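Each remark here refers to the structure printed beneath this line.
The values are calculated or read from the model by the stated rules, or taken from the named source; none is laboratory data. Quick caveat: nothing in here was measured; it's all calculated off a predicted structure. We place every Cβ from the backbone using ideal geometry, glycine too, and count neighbours over all the protein chains shown. Surface accessibility is based on the protein's heavy atoms, side chains included, excluding ligands, DNA and RNA. Shrake-Rupley method; radii C 1.70, N 1.55, O 1.52, S 1.80 Å.
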Amino acid sequence: MIRSFRKYHRYIAIAVFAPLILTVITGMGYIIFDEWLGQEEIGGFLLRLHTLDILGLESIYPILNGLGLAGLIVTGLSMTGLFKKRSQPKSTGDR
């Protein structure tokens with residue numbers, strides 16, 4: 001079971017790497033350029049890129065990012081063994 005989750009985790013990580021890194025870089029860049037440096041034009045462009053409004057995907061892009069992250073969390077947590085059923089200790093005999 002863990003082997004299959006590891007395989008799925010690897011595939012999901014490869015699929016969501018580019019969208020997530022784009023989200024992180026443009027989100028940080030927006031704050032830096034718009035808020036700190038007062039470059040509203042660059043900040044606006046980064047915000048449009050951040051939500052993929054440039055490609056008209058602003059309504060679906062956050063959902064896809066969220067589903068990808070949820071998949072990584074589920075497969076990652078399952079590999080940790082935190083939710084594994086623990087066997088009961090064997091009794092030592094008579095009481």
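Let me confirm something: among Gly38, Gly44, which residue is closer than 22 Å to Asn65 by Cα and open to solvent by less than 50 Å² (accessible area, probe 1.4 Å)?
Details: Gly38 fails: closer than 22 Å to Asn65 by Cα.
One residue alone meets the criteria, Gly44.
Looking only at segment 67-95, how many residues end up being farther than 16 Å from Ile2 by Cβ and either more than 20 Å from the chain's Cα centre (by Cα) or at pLDDT below 90 (or both)?
Looking only at that region, the number is 9.
Of everything in segment 4-63 that's under 20 Å from the mean Cα position of the chain (by Cα), outside any helix (DSSP H, G or I) and not hydroxyl-bearing (Ser, Thr, Tyr), which residue is nearest to Leu77 (Cα to Cα)?
Among those residues, the one meeting the criterion is Ile60.
Which number in (1) surrounded by 17 or more Cβ atoms within 10 Å (Cβ to Cβ); (2) free of Cβ contacts under 8 Å to residues at least 60 places away in the same chain marks the one condition that Gly71 misses?
(2)
Tell me which of these Tyr61 doesn't satisfy, since it passes every other one: (1) more than 30 Å from Lys85 (Cβ to Cβ); (2) surrounded by fewer than 17 Cβ atoms within 10 Å (Cβ to Cβ).
(2)
Hey, among the residues in segment 13-26 that are without any contact (Cβ under 8 Å) to a residue 40 or more places away in the chain and surrounded by 14 or more Cβ atoms within 10 Å (Cβ to Cβ), which one's farthest from Pro62 (Cα to Cα)? Break it down stepwise before answering.
Filtering segment 13-26 for residues without any contact (Cβ under 8 Å) to a residue 40 or more places away in the chain gives 14, 17-18, 21-22, 24-26.
Cutting the leftovers down to surrounded by 14 or more Cβ atoms within 10 Å (Cβ to Cβ) gives us 22, 26.
On the way: Leu22: 12, Thr26: 14 Å.
Across segment 13-26, the extreme among qualifying residues is Thr26.
Between Leu37, Leu49, Leu20, which is touching a Leu at 6+ places or on another chain (Cβ under 9 Å) and farther than 30 Å from Gly81 by Cα? Before you say what the answer is, go through the steps one by one.
Numbers: Leu37 fails: touching a Leu at 6+ places or on another chain (Cβ under 9 Å); Leu20 fails: farther than 30 Å from Gly81 by Cα.
Only one candidate passes the filter, namely Leu49.
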